[in-house]
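Data block below; observations after.
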Amino acid sequence: MASSILFMSVSVDGYIADENDFLGGADGERLHEWMADGGEVMEEMANGGAVVTGRRTAELMDHWGGSLMGGVPVFVPSHRPPSPAARWGGYTNVHYVADIATAMAQAKEAAGDKHVHVQGGVTAQEALAAGVLDELQLSQVPVLFGRGRRLFDVLPGEIELEVVRVVDTASATHLRYRVKR
């Protein structure tokens, strides 16, 4: 069965965006600059079979026009129906489901032998609380934001992680953890 992996870029002090959802720097993309030399991590991110993402992220990105990661199925846990697509005419492979456990189960089935790409701070927190997140791939960028949106603001308690891999590059340290059960 597919494993679920959170892929997130994070500042050294634990922020994933500023108060206005910018990723830092003059162009608002400081936390993603590492992707230019991300190699192995970028390749792995791109080879998922499905995505679980938060409603806020999905709507900020206008559901990627239904073409995220080459058009893999996207599952959005939400109690409300989707908003209309703003930039594109619609999307057929974006599925709104009632909760994180259902989203993850459907995404794992859709992913087959590939991983489920998980994104979004709230989504990660909910998946950890529900016990449905398997791994975390954190790309720690050498910058201190000092404010903004933290990745792990609310957790159900202490969660033990096992170090799987550390890849150090000039622009980020990529930390892979397995959630201990």
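The values are calculated or read from the model by the stated rules, or taken from the named source; none is laboratory data. Remember, it's a predicted structure, so these values are computed and weren't measured experimentally. Note that we place each Cβ from the backbone using ideal geometry, even for glycine, and neighbour counts take in every protein chain shown.
Of the set (1) within 26 Å of Ala36 (Cβ to Cβ); (2) surrounded by 16 or more Cβ atoms within 10 Å (Cβ to Cβ), all apply to Arg178 but (1). With respect to the conditions (1) surrounded by 21 or more Cβ atoms within 10 Å (Cβ to Cβ); (2) polar (S, T, N, Q); (3) part of a helix (DSSP H, G or I), Gln137 lacks only one, and its number is (3). Just one of (1) on the phi > 0 side of the Ramachandran plot; (2) assigned to a loop (DSSP other than H, G, I, E, B); (3) out of contact with any Leu (no Cβ under 6 Å at 6 or more places or on another chain) fails for Gly65. It is (2). Within region 147-181, being of a type in the set (Val, Ile, Thr) and part of a loop (DSSP other than H, G, I, E, B) holds for Val154, Ile159, Thr169.
Within region 19-56, restricting attention to residues that are aliphatic (A, V, I, L, M) and part of a loop (DSSP other than H, G, I, E, B), which residue is surrounded by the fewest Cβ atoms within 10 Å (Cβ to Cβ)?
By that ranking, first place goes to Ala26.
Does Ser171 qualify as being among the hydroxyl-bearing types (Ser, Thr, Tyr), out of contact with any Leu (no Cβ under 7 Å at 6 or more places or on another chain) and modelled with pLDDT of 95 or more?
It is false that Ser171 is among the hydroxyl-bearing types (Ser, Thr, Tyr), out of contact with any Leu (no Cβ under 7 Å at 6 or more places or on another chain) and modelled with pLDDT of 95 or more.
Does Val164 satisfy being in contact (Cβ under 8 Å) with a residue 12 or more places away in the chain, surrounded by 14 or more Cβ atoms within 10 Å (Cβ to Cβ), more than 16 Å from the chain's Cα centre (by Cα) and over 18 Å from Gly49 (Cβ atoms)? In short, no.
Out of the residues in region 125-160 that are acidic (Asp, Glu) and without any contact (Cβ under 8 Å) to a residue 24 or more places away in the chain, which is farthest from Glu33 (Cα to Cα)? Spell out the reasoning first.
Applying the first criterion (acidic (Asp, Glu)) to region 125-160 yields 126, 134-135, 153, 158, 160.
Adding the requirement that they be without any contact (Cβ under 8 Å) to a residue 24 or more places away in the chain leaves 158, 160.
Numbers: Glu158: 31, Glu160: 29 Å.
That would be Glu158.
Whenever a residue of region 41-61 is more than 18 Å from Leu128 (Cβ to Cβ) and modelled with pLDDT of 85 or more, its partners that are crowded, with 20+ Cβ neighbours inside 10 Å and basic (Lys, Arg), lying with C-beta atoms within less than 8 angstrom and at least six residues away or across chains, give the pairs Ala50/Lys108. Of the residues that sit in region 57-75 and are under 12 Å from the mean Cα position of the chain (by Cα) and farther than 15 Å from Ser4 by Cα, which one is surrounded by the most Cβ atoms within 10 Å (Cβ to Cβ)? Checked region 57-75; the qualifying residue surrounded by the most Cβ atoms within 10 Å (Cβ to Cβ) is Ala58.
Condition test on Glu44, is it over 22 Å from Gly14 (Cα atoms) and out of contact with any Lys or Arg (no Cβ under 8 Å at 6 or more places or on another chain)? Considered against the rule, which asks whether it is over 22 Å from Gly14 (Cα atoms) and out of contact with any Lys or Arg (no Cβ under 8 Å at 6 or more places or on another chain), Glu44 comes out as yes.
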